[in-house]
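Inspection log for the structure reproduced underneath, given as structure tokens.
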Amino acid sequence: MPDSLLRPLDADTVPAAFQRTAALYPDKPALQNLDASISLSWSELAVEVRRAAAGLAALGLAHGDTIALILPNTIECHVLDFAAGHLGAVPFAIFNSSPAEQIAHQLANADARIVVTQRSFLPKVRDAIAALDGQVEHLIVVDGDPGEDAIGLETVWASGGDDFDFEKVWRAVTADDLATLIYTSGTTGPPKGAQWSHRTVMSEQRALDAVLPMPTDGIISFLPMAHAGGRITAQYMALGYGATITTCPDIKDVVGALGTAHPDAFFSVPRLWEKLQVAIEAMIAGQPDEEREALERVVEVGHRRVLAVEVGSGVPQDEADRLVAEHEQLLPLITPVLARLGLDNVKAAFVGGAPSSPELSQFFRAVGVPMLEAYGLTEGSLNVFNRVEDYKTGTAGKPLPGVEVRLADDGELLCRSELNFVGYRKQEAATAEAMDGEGWLHTGDVARIDDHGFIEIVDRKKEIIINSSGKNMSPANIESAVRGESSLIGQVVAIGDGRKYVTALITLDPEAAPVYARRLGLGDGSPKDFAQSPVLQSEVEAIVDRANQRLHGNEQIKKFTVLGTAWLPDGDELTPTAKLKRRIINVKYADVIDGMYSE
């Protein structure tokens, strides 16, 4: 059967899926920038990928070689990534915010011979390359004058010969060849290179397609390509049905990108969803009284619907059906609000990458955006999902088809499937520790599995708090309870290991804080000003008190400190994927923490 008639998701490799997609959807937009001033159809993208592959091959990039991309999410980034994959090479991305030392570590571990970057990152990239004593043979700069030690894209494009046998090369790629490397966030030591085969990537996409609405219209590429979710839900997910990838190089522009692209699938970490919730709440609050009351009614009925129809709710079927019918009638009222944010076309909204509160998904489902709480990890891909009509808030959902799960004696979640990575690069001992001889991936996450098969992630195995009385507690559970009570809360860090009671460091959401301040009559000011306000302190105290009512006695927060700063991804306190750097936080705020335990 000719490739043009074969389903892309049934392909064994990424290049084979790409070629089938280009054959099936030649005229559909494939890749565009934010304002669509640059737009490539799938057939045009196929031409660009072939040209880039020929150029990279002329530079010596071959089957099994690695190529590093230190780029924002741009047209060039996606083209070069697909091109390298067609050669059987292994493209991988490095977080743009990484310092030279960490870049050098990853380049050395990956044996990268070619590095692609842009001028703004050149100083630290040059420093990293200099530390590797000649390992990197070519430095490619995608914008402007590359300088004497590098080459520009035009040179790469021009170096490919007409006699390059592109089809022979991409057809030689096999399912067991490596497709990419994803480096871990480094919260527990130097980043490790998790190796994904083409089998890993394509098994993930087939498993998603079996139970979830896959994008047919568009997706936005804004999560870094160095992030597992950024690759799965943009670079690879577009291949199933020829969805358009809209590139968003700066995460600050995501809200604008949503308004332009109106994607039908959208994946993000909780932090961005929390900001979108604040925006929707502000739009509702800003309406005239009658319209505001109608929109609040949509949210109120929607919330009751969400709770009624989820698995295990105990609500009688006729009552659940009545709420569904009432909510469906009301939803058109809120569509214009969603349209202003570009969320009106979303068939599946994925949230993952970090713990999220149940209230977050409940809110978005209440306004008509089907949010699916999900779970995944660099070593196991995105492998557990709630479904649109089969969900339980506060859980990560059920395993995707083909994913086996079980709990170890200590509650650690173990996963086995073709979605698992194939090992850490050059680290056999670490690989053996992560994945046993029977193929079970030891996730490091403590979980519970209920009678319906829904998985609740309790905590990281190594992050459990054991207080001075020997009680085990989940800091993530405590933190989620507080964040879930109000959009005013930015970050929460529960403290209590070896202590008599639990305390917390709390930051304010930088977008929500001014809204709350005006509502409380505080006027304008900075986060530091708000944090010091007795009125706002009382508001946070009420939030903590409500959260405490949902926690066991030993988990309840006895004291807290509101910090006057906002923590940003890849700052002192958060990793690039917004995970808490608990060890660093404990050191940096040691005096503040000790103060909360002084009698």
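Things to note:
- Matching entry among V324, V306 (being in contact (Cβ under 8 Å) with a residue 40 or more places away in the chain, assigned to a helix (DSSP H, G or I) and not hydroxyl-bearing (S, T, Y)): V306
- Condition check for D594: among the acidic types (D, E) and touching a Ser or Thr at 6+ places or on another chain (Cβ under 9 Å): no
- Filtered by the rule that a residue be outside any strand (DSSP E or B) and either free of Cβ contacts under 8 Å to residues at least 12 places away in the same chain or among the basic types (K, R) (or both), region 15-72 gives R20, K28, S37, V47, R50, R51.
- Residue in region 96-103 that is modelled with pLDDT of 95 or more and either crowded, with 24+ Cβ neighbours inside 10 Å or not in a helix (DSSP H, G or I) (or both) present: no
- Cβ-Cβ under 6 Å pairs, at least 6 apart or on other chains, region 547-570 side assigned to a loop (DSSP other than H, G, I, E, B), far side among the charged types (D, E, K, R): G564/K528; W567/E573
- Residue check, R113 closer than 24 Å to Q235 by Cα, touching a residue at least 40 places away in the same chain (Cβ under 8 Å) and among the basic types (K, R): yes
- Some residue of region 99-118 being touching a helix residue (DSSP H, G or I) at 6+ places or on another chain (Cβ under 7 Å), under 22 Å from E44 (Cα atoms), of a type in the set (S, T, Y) and assigned by TED's automatic domain parsing to the domain that holds W42: no
- G240, sole failed condition from (1) modelled with pLDDT of 95 or more; (2) buried (at least 22 other Cβ atoms within 10 Å of the Cβ): (2)
- Test: A434 is under 22 Å from the mean Cα position of the chain (by Cα), surrounded by 16 or more Cβ atoms within 10 Å (Cβ to Cβ) and free of Cβ contacts under 8 Å to residues at least 60 places away in the same chain: yes
- Residue within region 150-164 that is without any contact (Cβ under 8 Å) to a residue 60 or more places away in the chain, of a type in the set (A, V, I, L, M, F, W, C) and within 30 Å of D176 (Cβ to Cβ) present: no
- Selection within region 344-383 - among the acidic types (D, E) and farther than 24 Å from R406 by Cβ: D344, E359
- Of all residues in region 416-430, none satisfies being closer than 30 Å to A257 by Cα, surrounded by fewer than 22 Cβ atoms within 10 Å (Cβ to Cβ) and among the hydrophobic types (A, V, I, L, M, F, W, C).
- The residue of region 73-87 that is nearest to the chain's Cα centre (by Cα), among those that are crowded, with 24+ Cβ neighbours inside 10 Å and not in a helix (DSSP H, G or I), is N73.
- Counted residues, region 490-513 - those being without any contact (Cβ under 8 Å) to a residue 60 or more places away in the chain and part of a strand (DSSP E or B): 5
- Taking region 572-592 as the range and being surrounded by 15 or more Cβ atoms within 10 Å (Cβ to Cβ), assigned to a loop (DSSP other than H, G, I, E, B) and at pLDDT below 90 as the test, the residues that pass are T575, P576, T577, A578, K579, K581.
- The residues of region 139-173 that are in a strand (DSSP E or B) and either buried (at least 18 other Cβ atoms within 10 Å of the Cβ) or among the aliphatic types (A, V, I, L, M) (or both), listed by number, are L139, I140, V141, I151.
- Test result for T443, under 21 Å from the mean Cα position of the chain (by Cα), closer than 26 Å to Y183 by Cβ and among the polar types (S, T, N, Q): yes
The values are calculated or read from the model by the stated rules, or taken from the named source; none is laboratory data. This structure is a prediction, so every number in the text was calculated from the model and none was measured. We place every Cβ from the backbone using ideal geometry, glycine too, and count neighbours over all the protein chains shown.
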